[in-house]
Amino acid sequence: MTYTGEVTRGGEPAVRTIGDLTMTKVSVGPTDNNAYLLACGSSRLLIDAANDAPTLLALIGPAGLETVVTTHRHGDHWQALAEVVDATGAASLAHPDDAPAIPVVTGALREGDVVEVGGCPLEVLHVVGHTPGSIVLLYRDPAGTAHLWTGDSLFPGGPGRTTNPTDFNSIMTDLEAKIFGRLPDETWFYPGHGNDSTLGKERSAIPQWRARGW
């Protein structure tokens with residue numbers, strides 16, 4: 001089946017092959033959170049053990065799991081984390097600015113760190129604003145195309161929710177400098193809720209996002 005990035009809670013996962021990396025996207029929980037299982041060689045990593053541990057553990061299956069990365073501290077992104085970590089023995093990684101609000105964290109991720117999934121490196125980008133410790137993961141496939149897992153920092157249609165002008169300016173500045181200013185239009189991104197998009201589809205709207213203030 002052609003990958004579209006569209007998933008529904010209780011529906012079939014969507015699977016995409018990205019060079020040596022295989023990504024499985026599933027929607028879980030009452031707020032339709034996306035969780036992403038990445039596999040490269042025999043290594044596997046889960047982005048956001050958001051909810052519905054039985055679904056996530058069935059997705060992980062007997063191959064096991066080495067790592068869970070939590071993109072930020074909001075509870076809808078870690079409801080299943082403790083159960084998944086307990087069942088798999090996986091390391092639990094998050095940014096230290098958000099880690100105290102996440103129930104299980106065994107290691108820290110900071111700007112510029114690299115998380116290895118087999119032979120597939122994921123670079124950590126720290127995007128401040130939705131929360132103090134929000135992170136984005138960047139992977140470049142063998143053809144050079146960039147792929148981003150953005151948590152709640154970037155969606156089709158705008159940045160993640162902020163609650164004051166300081167945080168809004170921060171998230172926009174980081175998105176413009178670290179993502180839109182660095183990566184080309186064909187960069188595909190996978191958000192914490194809803195459908196995927198590309199930077200090219202969103203780039204022209206940046207002045208509108210700035211002007212509206214959210």
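What follows draws every value from the coordinates through simple rules; no lab data is involved. Just so it is clear, the model here is predicted, and its values are computed rather than measured. Because the Cβ atoms are built from the backbone with ideal geometry, glycine has one as well, and the counts that use them run over all protein chains shown.
A few points about this structure:
- Counting only DSSP beta bridges whose two residues both lie in segment 1-92, roughly 75 percent are antiparallel.
- Percent antiparallel among DSSP beta bridges (both partners in the chain, rounded to 5): 75 percent
- Placing a pseudo-label 7 Å from each Cα along the Cα-to-Cβ vector at E123 and R161 gives an inter-label distance of 3.1 nm.
- Efficiency of FRET from Cβ geometry, E12 and E176, R₀ 30 Å, rounded to 0.05: 0.25
- Residues H126, H77 in ascending order of nearby Cβ atoms (within 10 Å, fewest first): H126, H77.
- Principal axis extents of the Cα atoms in the chain, from largest to smallest and rounded to whole angstrom, are 49, 38, 32.
- Taking A39, A80, A101 in turn, the Gaussian network model of the chain (Cα-Cα springs below 10 Å) assigns the largest fluctuation to A101.
- For the chain, the relative contact order is 15 percent, taking Cα pairs closer than 8 Å that sit 6 or more residues apart in sequence and dividing their mean separation by the residue count.
- Computed over the chain with a Gaussian network model linking Cα atoms closer than 10 Å, the most mobile of A108, A63, A50 is A63.
- Environment charge at R9 (Cβ cut-off 10 Å; Lys +1, Arg +1, Asp -1, Glu -1): -2
- Residue among P62, P121, P142 with the largest mean-square fluctuation in a Gaussian network model of the chain, springs linking Cα atoms under 10 Å: P62
- Neighbour net charge for L183 - beta-carbon separation under 15 angstrom, K R +1, D E -1: -3
- In a simple Cβ point-charge model (Lys, Arg +1; Asp, Glu -1; nothing else charged), segment 14-151 has a dipole of about 200 debye relative to its Cα centre.
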